[in-house]
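The values are calculated or read from the model by the stated rules, or taken from the named source; none is laboratory data. This structure is a prediction, so every number in the text was calculated from the model and none was measured. Note that each Cβ is placed from the backbone with ideal geometry, even for glycine, and that neighbours are counted across all protein chains shown. Areas reflect the complete protein model, heavy atoms only, side chains present, ligands, DNA and RNA absent. Shrake-Rupley method; radii C 1.70, N 1.55, O 1.52, S 1.80 Å.
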Amino acid sequence: MISVRRIPISAGAKTVLLFGGTFDPPHRGHIEPPFAACNAIGADCLVYIPAARSPHKQTGPTIPDADRITLLRGAIQDSLNPGALPDGVPHPPEVGIATIEIEAAQAGSPSYTIETLRTLRKEVPPEIIFRLLIGADQAVAFHRWREPNEIAGLAEPVVMLRPPYATPESFRRALETEAPHEQCAVWLSRVVPTPILDINATQLREDLASENYDAATVRSALTPRVIEEIRTRRLYRKQ
């Protein structure tokens, strides 16, 4: 059962892994690495947080919020089926989709990670530990986020390697070039083993816009339920 509500965290949770993004559309890169990261840190709950619009992007999601949530839920449900995941990628004990940032945006507030974490910390029992899952590319630029030290204090980051930093060495080189020197070793220690999936979301949306649902990029990246929902709802089509 996938809980979809403002804050889908049960009072009995101990460690919650938070994973935000636009999920436009939700693909295997949004499922398998977070599932593996959840297992790697021993979290008992994985919470997806769809953003209304990322402060780091000039454009927002290309489909309505309700459709993104439906697609994300479908992707998770498909991935929880027996045999759906590659060997070595276990199911999280509990998975939820939080609408907290979408609801905040509807009330006129931006989707800043620090504001989301502050709200969660106020409304969730204090004994629950938060961890924040981000990609290696985001970690390299983390010092430019709004109040990065405060973010790390509320939810220590967990890093998954992914293109363009798909190896520890490439990640280390990027950190040495971009990040404050004293933080490099800390960031390297936060990396956890996850599948490396190179999915081009822009190309994926272009294929969906052309209704090319049988394209290799589509079939390899999206679960059957997501493809069917996109086809039925006529999402991503060229106007």
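In the set (1) buried (at least 16 other Cβ atoms within 10 Å of the Cβ); (2) assigned to a helix (DSSP H, G or I); (3) touching a strand residue (DSSP E or B) at 6+ places or on another chain (Cβ under 8 Å), the condition left unmet by residue 104 is number (3). Tallying residues that are open to solvent by 30 Å² or more (accessible area, probe 1.4 Å) and either assigned to a helix (DSSP H, G or I) or free of Cβ contacts under 8 Å to residues at least 24 places away in the same chain (or both) within the stretch 153-171 yields 5. Can you tell me which residue within the stretch 8-21, out of those that are open to solvent by less than 30 Å² (accessible area, probe 1.4 Å) and in a loop (DSSP other than H, G, I, E, B), is farthest from residue 129 (Cα to Cα)? Only one residue fits best here, namely 8.
Being within 26 Å of residue 71 (Cβ to Cβ) and open to solvent by 80 Å² or more (accessible area, probe 1.4 Å) narrows it down to one of 123, 206, so name that one. Just a single option satisfies the conditions, and that option is 206.
In the stretch 1-14, the residues that are closer than 15 Å to residue 92 by Cβ form Cβ pairs under 8 Å with partners that are surrounded by fewer than 11 Cβ atoms within 10 Å (Cβ to Cβ), at six or more places apart or across chains, as follows: 14/127. For the stretch 125-148, the condition of being modelled with pLDDT of 95 or more, in contact with an Asp or Glu (Cβ under 7 Å, 6 or more places away or on another chain) and in a helix (DSSP H, G or I) holds for at least one residue. Scanning the stretch 209-239 for residues being in contact with a Ser or Thr (Cβ under 9 Å, 6 or more places away or on another chain) and open to solvent by 90 Å² or more (accessible area, probe 1.4 Å) gives a total of 2.
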